[in-house]
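Comments concern the structure below.
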Amino acid sequence: MSSNGDEFAIVLEEGNFQKFRKCKRVWVHESQDAGQRQAKHRSPTTSLNRTTDLDDSNQLAANADKQQVQRIKAVFEKKNQKSAQVIAQLQKKLDAYQKKMHELEKHGAIQSHRPPREVLRDMGQGLKNVGGNIRDGISYVGGSVMSKPREFAHLIKNKFGSADNISQLSSERHHGGSATLPAAASQASMMAAAAAAAASVAGGGPQGAGQQKFSDDGSECSSVTSDSIGSLGNKLLLLRSASTAASKPKTGVVLINMGGPEKLEHVEDYLHKIMTDTDMIQFPAFIPQHRFGPWIAKRRAPKVAKKYEEIGGGSPILKWTRLQGKLLCDQLDKKSPESAPHKPYVAFRYVKPHTEDAFNELIEDGVEHAILFSQYPQYCCATTGSSFNEIYRHFRNNELPKNLKISVIDRWSTHPLLAKCFADNIRKELEKIPEKDRKDTIILFSAHSIPLKTVNRGDAYPSEIGATVHNVMHELNFEYPYQLVWQSKVGPVPFLGPMTDDAIKDYVTKGKTSFIVVPIAFVNEHIETLHELDIEYCKELAEELGIDQIKRCPAPNDHPLFIEAMADIVQKHLKSGVPVSKKFLHRCPHCINHTCGHSKTWYGRSHESHQDAYLDLNKKTRIIQDQVESLRENFDIVKSLQTEIHDLNVALQEERFRSERLEEQINDLTELHQNEVENLKQAMADMEEKVQYQSEERLRDIHEMLEHCQTKQQQYVTLEGLDNSNARALVVKLINVLLTVLQVVLLLVATGAGIIMPFLRTRLRILSTVIIVIGVAFVLRQWPEVQDIGSHMMRRLKDTLDPVQ
Ligand SMILES: C=CC1=C(C)c2cc3[nH]c(cc4nc(cc5[nH]c(cc1n2)c(C)c5CCC(=O)O)C(CCC(=O)O)=C4C)c(C)c3C=C
Ligand SMILES: [Fe+2]
């Protein structure tokens, strides 16, 4: 048996072998689950490795002893534990990310079913954009103003001549006249008409084809009369029908204006509110305004009501404002999707809908940002100031919701599109004037006057009016003579002049006969354009002065350039990120109005708080951006960890396979060994049996020989006995003696052999026996000398022991 075999013999020793099998079972069991999971991932290279592994394992198996097996087991166990830990950690991380992503999805940031990585990337990008937008204000999303509805409107205009005609056709249809109107077109007409209203430039809308000459008596004074108010009504009706189901508005555009009585019965209340508005009118200190104001309102009401009656029974301000708001928000929705949906709210100072109506609705709608958009292009303490003071008072008594951001557009007198709009309207009026008179036509920019006292306090109104006038004239290349004049003086106190009517009178006396009056301070038709300018000046004064060339330029109303101007103003405001202008927070140098002081402080604070909120939002956006970034990084880490896990699993799988092979080898060798041991045992048993059998054979042979001898002897005895009985007896006795002697000799030989055999079993014994025998023989041969030596030694010993003798 080889030395390797010896080592295996030790391993296979009953106790050790059991231990080895037990350890192996534990190890195999631990790695079994993972092995099953990974089995399908076995790569072709693994099978290649197997051969090498097999050799390794053969080698290993060949050299393995108990410690080696345990060491191998420990290494694999350690590896197994490590992988299990790594897998558990990664699983944990993965769970956390999945949870985060789930939360993000749940909170609406991700609403798609795209892969989370892509969603994360888009979200990150979106947040980046949001951040950018917030930093830059709300970014301008470019888009042509001449968008689809307007193109559609142009189409319709080409077909029907004017948007107004659509409603006409529509009513004709009701009377059976719609046979020629295609069904689809009739359905679309409602939508188209709304767009057409926005596109009613020259020839369309109230200023163009729909515009009517005021007087039946052939007066040239152009105006927007009750007929055109009716046309405005139709547009609004169509707009309303065309409006789609409203979604929750994000941005509310609050159109701030003074308003006018829509019905005659509202006139007194309207005047009452004006007369008691101390921002608008300040009675001398000795007159109690709250008493005297209503009294004047009551007295003045019939006269004012008559005027409203003459313009069609009420102020068109609300209708125009609603239309302007609708068109504005439509444009904003397209141009500024970041702040969409936009919804217009009307906040009038003296009639319904009041400030509180607008804000109640706006808050109920859940608007996030309310833009307080003054509809007075030029700031005046009596008008703009009064409305903003009213809003301040409203929020002094009512809580401003924390989630409602407010910002202010307080003036826009120099907006280029406003000037372009006025210039366009002026050009159109100029075209109506005979060419010979055109160059000499004086353009009279007429604005509502204000008391000189107000001017002297430092009200910006006159200078801002002047700025608009300058810009309009710049648009007209200053090609015409022009003059800024003032109208609508009320009460006995001195007002800013020259008055419009006085100016016309004096110009006429100076030989001027052609005028275009431009209402420069108000953006839609109202009593002062429709009555004071159209009736009192263009008609009555012209008659009185004997001239027929006083034309009136329409107010901006729904002029596309004006709507575009409004949209641009709002957009730029959003983009600027400036909630309130410095100028607005700055009081007039001689302001005596305490409300102005409180109001501006309030706007300033709310501005600050919004600025804070804005900064806060910015900060939060940045934090979210950072989080998205780190999430993205973590995502990458998870990805690489997943790859690592996969690699580890593959390696683990290979190790497991290798160990399996090793185990198989060990099993095979164990079996081989057992077989060998069995064979050896068998061989030994066989040998034993053979020896036994051979010795029995020998004995039998001896017995047979003895029996044969005896038989021979008896034969001899029988043969010879016949001759001589005495001799025969002697021979028998002799043979018996011989046999006995032989037996004794044999016995002696056997005994001797029995005695001698132990001495001859090993070489050493044989050697020592030979030496002893030779020694004894030598002693016996030299016996006398040995005796002498013995007696001599005895003597010497006695002498040594007894020194006295
Ligand atoms: C920008 C325009 C206006 C300024 C500035 C303005 C100042 C101002 N007004 C009054 C007194 C009255 N105004 C009245 C009506 C009225 N005022 C404006 C515009 C401005 N007023 C308009 C557009 C209207 C008419 C609205 C409508 O119904 O269509 C009235 C009531 C009518 C009347 O009694 O004649 C009064 C009164 C003052 C004292 C003032 C400046 C301090
Ligand atoms: Fe006024």
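The values are calculated or read from the model by the stated rules, or taken from the named source; none is laboratory data. Everything quoted here is computed from the prediction, not taken from an experiment. All Cβ positions, even for glycine, are placed from backbone atoms using ideal geometry, and neighbour counts span all protein chains on display. Note: accessible area is taken over every heavy atom of the protein model, side chains too, but ligands, DNA and RNA are not part of it. Shrake-Rupley method; radii C 1.70, N 1.55, O 1.52, S 1.80 Å.
Against the definition (within 14 Å of ligand 1 (Cβ to nearest atom), assigned by the TED database to the domain that holds residue 324 and either modelled with pLDDT of 95 or more or touching a Lys or Arg at 6+ places or on another chain (Cβ under 8 Å) (or both)), how does residue 460 come out, yes or no? Taking the combined requirement at face value, the residue does not satisfy it.
Please tell me if residue 504 is crowded, with 24+ Cβ neighbours inside 10 Å, within 22 Å of residue 480 (Cβ to Cβ), of a type in the set (A, V, I, L, M, F, W, C) and over 60 Å from the mean Cα position of the chain (by Cα). Yes. Checking each residue in region 430-450 for being more than 22 Å from residue 502 (Cβ to Cβ) and surrounded by 19 or more Cβ atoms within 10 Å (Cβ to Cβ) picks out only 430. In region 732-751, the residues that are acidic (Asp, Glu) form no Cβ pair under 9 Å with any partner that is surrounded by 11 or more Cβ atoms within 10 Å (Cβ to Cβ) and at pLDDT 85 or above, whether six or more places apart or across chains.
Of the set (1) touching a helix residue (DSSP H, G or I) at 6+ places or on another chain (Cβ under 8 Å); (2) of a type in the set (A, V, I, L, M, F, W, C); (3) within 16 Å of ligand 2 (Cβ to nearest atom), all apply to residue 504 but (3). Taken across region 555-564, residues that are modelled with pLDDT of 95 or more, in a helix (DSSP H, G or I) and among the small types (Gly, Ala, Ser) do not occur at all.
If you filter region 507-534 down to residues that are open to solvent by 10 Å² or more (accessible area, probe 1.4 Å) and over 17 Å from residue 317 (Cβ atoms), you find that the one that is nearest to ligand 2 (Cβ to nearest atom) is 507.
Can residue 491 be described as among the small types (Gly, Ala, Ser), outside the structural domain of residue 314 (by the TED database), away from ligand 1 (no atom under 11 Å from the Cβ) and farther than 24 Å from residue 428 by Cβ? So residue 491 fails the test. Take residue 350 and decide whether it is within 15 Å of ligand 1 (Cβ to nearest atom), aromatic (Phe, Trp, Tyr), surrounded by 17 or more Cβ atoms within 10 Å (Cβ to Cβ) and modelled with pLDDT of 95 or more. Spelling it out, residue 350 is indeed within 15 Å of ligand 1 (Cβ to nearest atom), aromatic (Phe, Trp, Tyr), surrounded by 17 or more Cβ atoms within 10 Å (Cβ to Cβ) and modelled with pLDDT of 95 or more.
The rows are residues; the columns are (1) on the phi > 0 side of the Ramachandran plot; (2) crowded, with 23+ Cβ neighbours inside 10 Å; (3) out of contact with any Cys (no Cβ under 8 Å at 6 or more places or on another chain); (4) not in a helix (DSSP H, G or I).
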{"position": "378", "(1), (2), (3), (4)": "no, yes, yes, yes"}
{"position": "382", "(1), (2), (3), (4)": "no, no, yes, no"}
{"position": "391", "(1), (2), (3), (4)": "no, yes, yes, no"}
{"position": "396", "(1), (2), (3), (4)": "no, no, yes, no"}
{"position": "399", "(1), (2), (3), (4)": "no, no, yes, yes"}
{"position": "402", "(1), (2), (3), (4)": "no, no, yes, yes"}
{"position": "413", "(1), (2), (3), (4)": "no, yes, yes, yes"}
{"position": "419", "(1), (2), (3), (4)": "no, yes, yes, no"}
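Pairing each residue of region 478-494 that is more than 15 Å from residue 442 (Cβ to Cβ) and of a type in the set (Gly, Ala, Ser) with any residue that is within 16 Å of ligand 1 (Cβ to nearest atom) and open to solvent by 50 Å² or more (accessible area, probe 1.4 Å), provided the two are 6+ apart or on different chains, yields C-beta distances under 6 Å for 488/448.
For region 380-398, a residue qualifies if it is within 15 Å of ligand 1 (Cβ to nearest atom), farther than 14 Å from residue 408 by Cβ and either in the same structural domain as residue 459 (by the TED database) or out of contact with any strand residue (DSSP E or B) (no Cβ under 9 Å at 6 or more places or on another chain) (or both), and the qualifying residues are 381, 386.
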